[in-house]
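To keep things clear, I will list the structure first and then write my remarks on it.
The values are calculated or read from the model by the stated rules, or taken from the named source; none is laboratory data. Please read these numbers as outputs of a predicted model, since none were measured by experiment. Every residue, glycine as well, gets a Cβ built from its backbone with ideal geometry; the counts of neighbours run over all protein chains shown. With ligands, DNA and RNA removed, areas are computed over all heavy atoms of the protein, side chains included. Shrake-Rupley method; radii C 1.70, N 1.55, O 1.52, S 1.80 Å.
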2 protein chains.
Amino acid sequence: MQQPTVSIIGAGPAGLNAAISLAKMEIRVNLFEKQVKPGGQLSHWHTLFPDMYDAKTLLKSTINEISHPHIKLYTTVNIRQIKRQNNQWIISSDGNQEFISDAVIITSGFNLFDATKKEEYGYGIYPQVITSLELEQMFNGRREWPFSKDIEAPKAGFVHCVGSRDTKCGNNWCSKVCCVKAVKQAIEFKKQFPKAEVSCFYMDLRMFGKGYEELYMKAQVDFNIQFIRGRLSEASPSNGNKVHVKAEDTLMNRPLKQNLDMLVLMVGMTPAIWLNQHAERIDFEKPKFKQGFINPVENYQSTIYQNTPGVFAAGTCKGPASLIDVIQDAKATAFEVFAYLKKEKQNVEILEKTT
Amino acid sequence: MQQPTVSIIGAGPAGLNAAISLAKMEIRVNLFEKQVKPGGQLSHWHTLFPDMYDAKTLLKSTINEISHPHIKLYTTVNIRQIKRQNNQWIISSDGNQEFISDAVIITSGFNLFDATKKEEYGYGIYPQVITSLELEQMFNGRREWPFSKDIEAPKAGFVHCVGSRDTKCGNNWCSKVCCVKAVKQAIEFKKQFPKAEVSCFYMDLRMFGKGYEELYMKAQVDFNIQFIRGRLSEASPSNGNKVHVKAEDTLMNRPLKQNLDMLVLMVGMTPAIWLNQHAERIDFEKPKFKQGFINPVENYQSTIYQNTPGVFAAGTCKGPASLIDVIQDAKATAFEVFAYLKKEKQNVEILEKTT
């Protein structure tokens, strides 16, 4: 039997880490990315939570590692079909290229919630209203601040759960990382503008991970960031290039009004568009979806099909997850693929001996 | 070079899954467990969140898998020292047995918070006050209910964050799984006692994981479980074998009193005692600890030492984690160990060639 080949669809953190892990186990990898460069959503980040680690450093070292003789990276390639043929898969691109592989890992990631859908916040209408992604780009200098340089003490608000835990827009799930991301961004903003007044509007502060709770304490004690339990009802323009927000403080039981220089919408994680289009094109069986995210056959491994093994999923295509969890999941999935290929190989050898 | 051997310290879910993964990669494993049986804290569970999967089934299938020619399980063995010798480690037991290995994984798990430390809740004094672990044992029939069988509609309360997010008792961290565990247990209790009245007392409802938010909705809509934002101030005995609790409802801004037939303390996760005793006995370098949990050199892998590689940690000895995350972490760590051993082997071969 030949050295096995695995196709990985999506070269974000999950795909990159799965590829590196498989290559170290002497497995050949075809890594497909529809964008020009690998990196996925990680490319947009400035620093990571909770350790404020430099995102560019992590991305660079990860991309260096995929320069491996076993890994072939194909960028600007859109995969349109995955077809089963005996115990192998034929992966077809839009350009009608075909790739044969012994297993497939789907690592198509997530899309950010489209903030224009929450019309009441005025995203795309008022320039002061930005997304958490855009704020990250302001931190790393790729985008201008939405307020004048003369303002020494900008007033900023962060709205948690935009497009998450929201039955109105159909996204009932919690996006898991927005709370800690908001706290990280609020601290980073205060570091750049020490005189800024910063408020976070939340429902539940889900600071569940290692080091998150400490970050939350630090935000309150060292950076004087205000945490207000309540959902913003609306944002509207105000005098002097500000945005006016109304909220209900549900702990104080009182309505609340603020004029802000910047309103950051913590946009949630939604299923990748590719995945849902693509699901129509798997011609032998569709993966199970849960709210648009791939649902593995059980929670304790990454196998997608009970009866058609060999297709796996890793990372945020399965649901919202932190980067640290995505990396661990990618390595764990690489191991599952390795174990699957080894078993397949043994089956083939037994078959060859007995026939 | 010989086939490498890895020592794994602790045969809970992390140790078991790391052992199985390494064995599948043709690595020999010594798996040490100080208890009589493997399984760790998983042995106490009845059903798992969020899918209500049967804990016994999962444990049984995992334990079946460690019957592997590459895995040697040593139970009732207490490891007292890990000593470096060239590129290997000498693992010594209390019985002065020595085991040589090429890498070590610490999977010593966690201990549950000792509820008697929160004197105001009266655990150990009032029989109606139980821990979440004891409730699990009531579900699987290993322990009696704390109220009379004649009570058809028992009143039950769940206190979140007992020994977590609590500066008074020195445990500042969030234990990550208590919120979802409380919701799971509240639903399970209502299934057994459909007429029961159940309240959960919480600070923030941290239902962050896949399927958690849906479970929370289900608890409210299908099971009529009450969620009260507020911390219990105290519990005291009341007439008729009940326990009286006082709380502040911070959303309604009003004090609240209830007489309960059962008060469940959601005890948090604390560092394993073994780990902290043991840390004194690693004679070459101590691992870094953060609040008693092992802190790897960086967040993106499980290596404990920057300058003394070959010792890894997996699972809850690094901090609170769900079972699903622990399993993925164990597999990911097994892969990291595999990559480390492969590199070591190459180094030795290069050395042998050049000398």
Tell me yes or no: at least one residue of segment B:37-50 is assigned by the TED database to the domain that holds B:GLN97, more than 30 Å from B:LYS342 (Cα to Cα), open to solvent by 70 Å² or more (accessible area, probe 1.4 Å) and not polar (S, T, N, Q). yes
Check A:ASN259 against each of (1) open to solvent by 40 Å² or more (accessible area, probe 1.4 Å); (2) within 30 Å of B:ALA334 (Cα to Cα); (3) not β-branched (Val, Ile, Thr) and name the one condition it does not meet. (2)
Looking across segment A:61-80 at residues that are among the polar types (S, T, N, Q) and within 20 Å of the chain's Cα centre (by Cα), the single one that is farthest from A:GLU98 (Cα to Cα) is A:SER61
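Per-residue answers, yes or no, for (1) open to solvent by less than 10 Å² (accessible area, probe 1.4 Å); (2) under 18 Å from A:LEU251 (Cα atoms); (3) more than 14 Å from chain A (Cβ to nearest Cβ):
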{"position": "B:TYR216", "(1), (2), (3)": "no, no, no"}
{"position": "B:ILE225", "(1), (2), (3)": "yes, no, yes"}
{"position": "B:SER238", "(1), (2), (3)": "no, no, yes"}
{"position": "B:HIS244", "(1), (2), (3)": "no, no, yes"}
{"position": "B:MET252", "(1), (2), (3)": "no, yes, no"}
{"position": "B:PRO255", "(1), (2), (3)": "no, yes, yes"}
{"position": "B:GLY268", "(1), (2), (3)": "yes, no, no"}
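If you check B:GLY310 against the conditions, is it under 30 Å from A:ASP249 (Cβ atoms) and touching a residue at least 24 places away in the same chain (Cβ under 8 Å)?
For B:GLY310, the condition - under 30 Å from A:ASP249 (Cβ atoms) and touching a residue at least 24 places away in the same chain (Cβ under 8 Å) - is not met.
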Go through (1) farther than 18 Å from A:TYR202 by Cα; (2) surrounded by fewer than 24 Cβ atoms within 10 Å (Cβ to Cβ) and name the single condition A:ILE106 misses. (2)
Which of the residues spanning segment A:144-190 are in contact (Cβ under 8 Å) with a residue 12 or more places away in the chain and basic (Lys, Arg)? A:LYS155, A:ARG165, A:LYS176, A:LYS181, A:LYS184, A:LYS190
With the condition kept exactly as written, say whether any residue in segment B:138-160 is assigned to a helix (DSSP H, G or I), closer than 30 Å to B:LEU232 by Cβ and modelled with pLDDT of 95 or more. yes
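Matching residues to (1) of a type in the set (Lys, Arg); (2) touching a strand residue (DSSP E or B) at 6+ places or on another chain (Cβ under 8 Å); (3) part of a loop (DSSP other than H, G, I, E, B); (4) more than 24 Å from B:MET252 (Cβ to Cβ):
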position	(1), (2), (3), (4)
A:ALA186	no, yes, no, yes
A:CYS200	no, yes, no, no
A:LEU205	no, yes, yes, no
A:SER233	no, yes, no, no
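Is it the case that A:LEU265 is part of a strand (DSSP E or B) and either over 21 Å from A:ILE8 (Cβ atoms) or in contact with a Pro (Cβ under 7 Å, 6 or more places away or on another chain) (or both)? Give the derivation first.
Numbers: part of a strand (DSSP E or B): yes; either over 21 Å from A:ILE8 (Cβ atoms) or in contact with a Pro (Cβ under 7 Å, 6 or more places away or on another chain) (or both): yes.
Criteria met by A:LEU265.
When you scan segment A:70-90, how many residues do you find that are touching a residue at least 40 places away in the same chain (Cβ under 8 Å) and either more than 17 Å from A:VAL337 (Cβ to Cβ) or of a type in the set (D, E, K, R) (or both)?
Just the residues of segment A:70-90 that are touching a residue at least 40 places away in the same chain (Cβ under 8 Å), to begin with: A:70-84, A:87, A:89.
Retained after the next criterion (residues that are either more than 17 Å from A:VAL337 (Cβ to Cβ) or of a type in the set (D, E, K, R) (or both)): A:72-81, A:83-84.
Of the residues in that region, 12 qualify.
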Filter segment B:20-53 for residues that are in contact with a helix residue (DSSP H, G or I) (Cβ under 8 Å, 6 or more places away or on another chain), in a helix (DSSP H, G or I) and either closer than 30 Å to A:MET25 by Cα or of a type in the set (Gly, Ala, Ser) (or both) and give the result. B:ILE20, B:SER21, B:LEU22, B:LYS24, B:GLY40, B:SER43
Please indicate, with yes or no, whether at least one residue in segment A:323-342 is open to solvent by less than 20 Å² (accessible area, probe 1.4 Å), over 20 Å from A:SER101 (Cβ atoms) and part of a loop (DSSP other than H, G, I, E, B). no
Which is over 22 Å from the mean Cα position of the chain (by Cα) and in a helix (DSSP H, G or I), of A:GLU134, A:GLU120? A:GLU120
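Determine if segment B:274-281 includes at least one residue that is away from chain A (no Cβ under 14 Å), within 27 Å of the chain's Cα centre (by Cα) and buried (at least 22 other Cβ atoms within 10 Å of the Cβ).
Going residue by residue through segment B:274-281, those that are away from chain A (no Cβ under 14 Å) are B:274-281.
Checking which are within 27 Å of the chain's Cα centre (by Cα) leaves us with B:274-281.
Still in the list and also buried (at least 22 other Cβ atoms within 10 Å of the Cβ): B:275.
For segment B:274-281, residues away from chain A (no Cβ under 14 Å), within 27 Å of the chain's Cα centre (by Cα) and buried (at least 22 other Cβ atoms within 10 Å of the Cβ): present.
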Looking at segment A:147-168 only, could you name the residues that are open to solvent by 30 Å² or more (accessible area, probe 1.4 Å) and over 19 Å from the mean Cα position of the chain (by Cα)? A:SER148, A:LYS149, A:ASP150, A:ILE151, A:GLU152, A:ALA153, A:LYS155, A:THR167, A:LYS168
Can you name the residue in segment B:270-316 that is hydroxyl-bearing (Ser, Thr, Tyr) and not in a loop (DSSP other than H, G, I, E, B) and, of all such residues, is modelled with the lowest pLDDT? B:THR303
Checked against (1) farther than 27 Å from B:PHE49 by Cα; (2) modelled with pLDDT under 95, B:HIS244 satisfies every condition except (2)
Within segment B:301-315, count every residue that is within 11 Å of chain A (Cβ to nearest Cβ) and either in contact with a Cys (Cβ under 8 Å, 6 or more places away or on another chain) or open to solvent by 10 Å² or more (accessible area, probe 1.4 Å) (or both). 1
Does A:ALA321 fit the bill of being more than 13 Å from A:GLY12 (Cβ to Cβ) and facing chain B (nearest Cβ under 10 Å)? no
Answer residue from segment A:58-78, given it is touching a Leu at 6+ places or on another chain (Cβ under 6 Å) and not β-branched (Val, Ile, Thr) and is nearest to A:GLN3 (Cα to Cα) among those: A:LEU73
Among the residues that make up segment A:172-194, is at least one of them among the aromatic types (Phe, Trp, Tyr) and within 14 Å of another protein chain (Cβ to nearest Cβ)? yes
Residues that are within 11 Å of chain A (Cβ to nearest Cβ), in contact (Cβ under 8 Å) with a residue 40 or more places away in the chain and of a type in the set (Phe, Trp, Tyr), drawn from segment B:196-214: B:TYR202, B:TYR212
